[in-house]
Each structure stands twice: as structure tokens, then as C-alpha cells.
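Structure first, then comments.
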Amino acid sequence: MTSAELAPWIDKLWEAASRGDEYAAVDSAIGLLDGGTDPEALLLDVIAPVQGRVGREWAANRISVAQEHTATAINERVIAATAHHPAVRAAVAAAEPAGHVAVACIDGEWHALPARLLAEVLRLRGWRVDYLGAQVPTEHLITHLHRYGPQAVALSSSIATRLPTAHAAITACQATGTPVIAGGAAFGPDGRYAFKLGADAWAPDARAASERLLGEPLEHPAAPHQPIDDLPHLGDQEYTLIARSARQLVREVMAGLADRFPAMADYTPEQRRHTAEDVAHIVDFLGVALYVDDSALFTGFMGWTGGILTARGVPARSLLPALDLLGERLDDFPRAARLIGDAHAMLAGADPGWFARMGESPHHASNVHFPGPGKTA
């Protein structure tokens, strides 16, 4: 089916998922398969766009956190139902064997739907797939690789703050002799962070990943090495020191905000809690931007947060006092000071309309996924 022919089905699945009607959502997917739609097209050209819309609707404050969670759960059930449809089973059985691959989410990564889509596409293309799901501790992933010996491992991460954990997982997998292909919004739209962290390959989506794996075999990983070998700037210890003091930094910024941002005097306990969560995310993203030494990651996150706040009636420039306080506490950290200064200039110079547009998407310009529903007030 063409994109135009699939569009009504995307709308139909969205309507069912957004109102929490699991039966209608599954029926729409089964109806497409019964009508002869290619299973891969259903997964990547119908279900995936619907899930993207779920994120955009939440970011724009048009659906609640509960609705977002419900729609995501329904989409996961639709994928499961699709995988067991007779047409899909027949396609998997008829596919020419391609090899053995493990698919897993980085430890701490709960966004499993992209990895699940990849696993189902790889099965359709003849791969034996060990799908390990969300939040796989690195030590258990390594045990699995030793026990079952897949030819490659596909690691998925959507949230950029998981990049240090992803780096450790990539390095550990390679130490077993298993090459790693990385994917997911956390690694950047062009795979810039995947390559910085030493991954053997990167793919922007499930189709590209399957084609890359079916092409030339991934090269055998280089000799075991340490993360600092990939990122020598970590030798300045700025990332390590800020990561270790993150909680204290959040407490100090929150204490100072009471004086710098008078509106906080009227905040409810819930609003104060959400503000503390926002400050914690600022510190976390500052840390990961230091880890990969990329100012765009931090300024992009601050722009996205400004868009989220704008969509909820909170001025984006209310973030400036928090940055000021954080900068004062980190004035002895040159790289951190530069990142904070770049973000401050961006927030101070952007017009409200730009922030409103940022609130329409859960991704910033470089497409790095940020914290999901429930994390930003």
C-alpha cells in the first residue's frame, strides 16, 4: 500500500489508541494484515508513526500523561498481536535464514517500543532474534552474549542521559568479541554519539538496521579498551565531579530559586516537586553534554524544555535563574561554564513563537530524545 492508502489506517489506529480502545486498535492492525498489507509496512509505516504522534501530542499538552501511557501500552499490544498473526508467522517461516542477533535496550532505558519494532522486522527478514526488552543491565547482557553467542548485538536508547551507560555497554559487548550496532534517538540523527562511543555501526531506523546487518558482516571489534580511550576529554574530570554532586547541585539551585524567582512563593508542593525534577534534568543533561563534549546536546535540551513549559503556560525564560545559579556553582569548570553560557544565550535570545514550535515535538533540532511524560511540569 502507498503512503496515501496507509494514512486512513494511521488515523484509525491513532483514534483507537488515544481513546484507550485496545480491541479496536488490534482489529485495525489485523484488518490490514488480513487484507494483504506487508507486515513490515504495518510495523514501520503505521504503528511507528502513531507512536510518534503520541509523543508529539503529549509534548504539546494535548493529551495527559495517563493518555500517553495508555496509548503506548496499546501500541505495544498491537505489535504483539501482529507478531502472532498467521500471515506474519508464515512470512517469518519462509524467510531465508540470515543469522543470529540480540536486541536490547540500555540499562535504565524504558522506551522499549523502538527495539521491539526492530526485533520484529529482523525476524521478518530471517534473523533469529533474542529480544531482551527494556532496561537490560549490562552484566546480564554480557552473560547472555557468552551463553548464546549471537553474531551481533543491537543496542537501543531513546534518552540521551543514558549515553554514558550505553558507552559502558558498547565497550563491554565488544570485549566479548561481539560487534555492536546502535540505534535510537539518543545517539543523534546522524549517529554522531554512537560513533563517538565506539559503536561498530549505527542505523537511523529498523529498515536501515536490518539492511546494514544483511550487508557486509560487522567488523570484529578492536582490542579491548577503556571509555576514556574514545573520549579523552573525560580526563578533566568535569563530568565525573558533576555527576557525583548532582543531588547537591539540585538542592543548592532549588534553595537559590526561592530568591531569584519570586513566583515560586505561590507554588504548590506539587509545582515545587515538578520544578525540582526540571532542575534535576538540567543537571543530568549538562552532565551528558560534558560526557560527549557537545554543547548542542545541552542547548537543544534547554530549548525543548522551554517549549514544553511554553505549551503549559510557563514562560521559557523562567529557566534562566536556574542556569544562573548552576553557573555560579560551576564557575571553576571551564567546559561546564561554556555549555551553560551557550544555553543561557539561546534562552535569552529566542522568541516565544520558537519555543511554542519546540513544544510540538519531543525531539529538538538534532533529534535527541528527551525525558518523557511525567518528567517535566
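The values are calculated or read from the model by the stated rules, or taken from the named source; none is laboratory data. Note that this is a predicted model, so its numbers are computed, not measured. Every residue, glycine among them, receives a Cβ derived from its backbone with ideal geometry; neighbour counts consider all protein chains shown. Please note that ligands, DNA and RNA were not included when accessible areas were found on the heavy atoms of the full protein model with its side chains. Shrake-Rupley method; radii C 1.70, N 1.55, O 1.52, S 1.80 Å.
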remark   = The size of the Cβ-based charge dipole (Lys, Arg +1; Asp, Glu -1) of region 136-210 about the Cα centre, to the nearest 20 debye, is 40 debye
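So for LEU44, LEU330, what's the accessible-area order with a 1.4 Å probe, most first? List each step's numbers first, then the result.
On the way: LEU44 30, LEU330 5 Å².
Order by accessible area, largest first: LEU44, LEU330.
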key: Listed residues HIS146, ALA91, TYR131: farthest to the positive end of the dipole of region 88-149 (Cβ charges)   = ALA91
note = Quick tally, 1.4 Å probe accessible area for HIS69, HIS220, HIS167, sorted with the most first, runs HIS220, HIS69, HIS167
request  = Return the whole-Å distance between the Cα centroid of region 18-62 and the Cα centroid of region 92-141.
outcome  = 20 Å
Most mobile of PRO262, PRO114, PRO164 in a GNM of the chain (Cα contacts under 10 Å) = PRO262
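Can you quote the Å³ per residue value for the convex hull of the Cα atoms in region 117-207, rounded to an integer? Spell out each step's value before the answer.
Details: hull volume 7.9 nm³, N = 91.
Spread over its residues, the Cα hull of region 117-207 gives 87 Å³ apiece.
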remark   = The alpha-carbon center of region 162-209 and that of region 71-89 are separated, in whole Å, by 27 Å
Of PHE285, PHE261, PHE195, the one that fluctuates the most in a GNM where the chain has Cα springs shorter than 10 Å = PHE261
inquiry  = Only Cα pairs within less than 10 Å get springs; with that Gaussian network setup on the chain, which residue of LEU325, LEU241, LEU42 has the largest fluctuation?
reply    = LEU241
query = Which angle from 0 to 90°, rounded to the nearest 10, does the C-alpha axis of helix 48-59 make with the longest principal axis of the chain?
reply = 20 degrees
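Normalized C-alpha radius of gyration of region 1-152, against 2.2 N^0.38 Å?
Working: Rg = 16.3 Å, N = 152, 2.2 N^0.38 = 14.8 Å.
That works out to 1.10 for region 1-152.
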message = Using a Debye calculation, one point per C-alpha and no hydration shell, please list log10 I(q)/I(0) for the chain at q = 0.06, 0.09, 0.10 Å⁻¹ in order.
response = -0.25, -0.56, -0.68
message = Using a Debye calculation, one point per C-alpha and no hydration shell, please list log10 I(q)/I(0) for region 83-143 at q = 0.20 Å⁻¹ in order.
response = -0.75
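Given a Förster radius of 51 Å and the C-beta distance between THR2 and ALA258 as r, what FRET efficiency does 1/(1 + (r/R0)^6) yield to the nearest 0.05? Let's see the in-between values first.
Numbers: r = 57 Å, r/R0 = 1.12.
That pair, THR2 with ALA258, gives E of 0.35.
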request  = For region 204-345, state what percent of all Cα-Cα pairs lands in each successive 5 Å bin, counting from 0 Å until the bin that includes the largest distance.
outcome  = 2, 9, 16, 18, 15, 11, 9, 7, 6, 4, 2, 1, 0
ask   = What is the log10 of I(q)/I(0) for region 157-271, computed with the Debye formula using one identical point scatterer on each Cα and no solvent, at q = 0.10, 0.16, 0.24 Å⁻¹?
value = -0.46, -0.82, -1.35
request  = Work out the length of the dipole vector of region 154-279 about its Cα centre, built from +1 on the beta-carbon of each Lys and Arg and -1 on the beta-carbon of each Asp and Glu, and round it to the nearest 20 debye.
outcome  = 300 debye
request  = Measure nothing fancy, just the Cα-based angle from helix 3-18's long axis to the longest principal axis of the chain, in degrees from 0 to 90, nearest 10.
outcome  = 60 degrees
ask   = Looking only at region 206-232, which residues have a backbone nitrogen under 20 Å from a spot 7 Å from the Cα of GLU96 in the C-beta direction?
value = 207-218
request  = Could you tell me which of rounded, prolate or oblate describes region 239-322, using a ≥ b ≥ c as the square roots of the eigenvalues of the alpha-carbon gyration tensor, with rounded for a/c under 1.5 and, failing that, prolate when a/b is larger than b/c and oblate otherwise?
outcome  = oblate
note = Once all protein chains are kept in place, GLU22 shows an accessible area at probe 1.4 Å, nearest 10 Å², of 60 Å²
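How much FRET efficiency would the formula 1/(1 + (r/R0)^6) give for ALA24 and ALA265, where r is the Cβ-Cβ distance and R0 is 35 Å, rounded to 0.05? It would help to have the intermediate numbers written out before the result.
Details: r = 47 Å, r/R0 = 1.36.
Using R0 = 35 Å, I get an efficiency of 0.15.
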key: Translational diffusion of region 17-73, µm² s⁻¹ [Kirkwood Rh, Cα pairs; Stokes-Einstein; 37 °C; 0.692 mPa s]   = 274 µm²/s
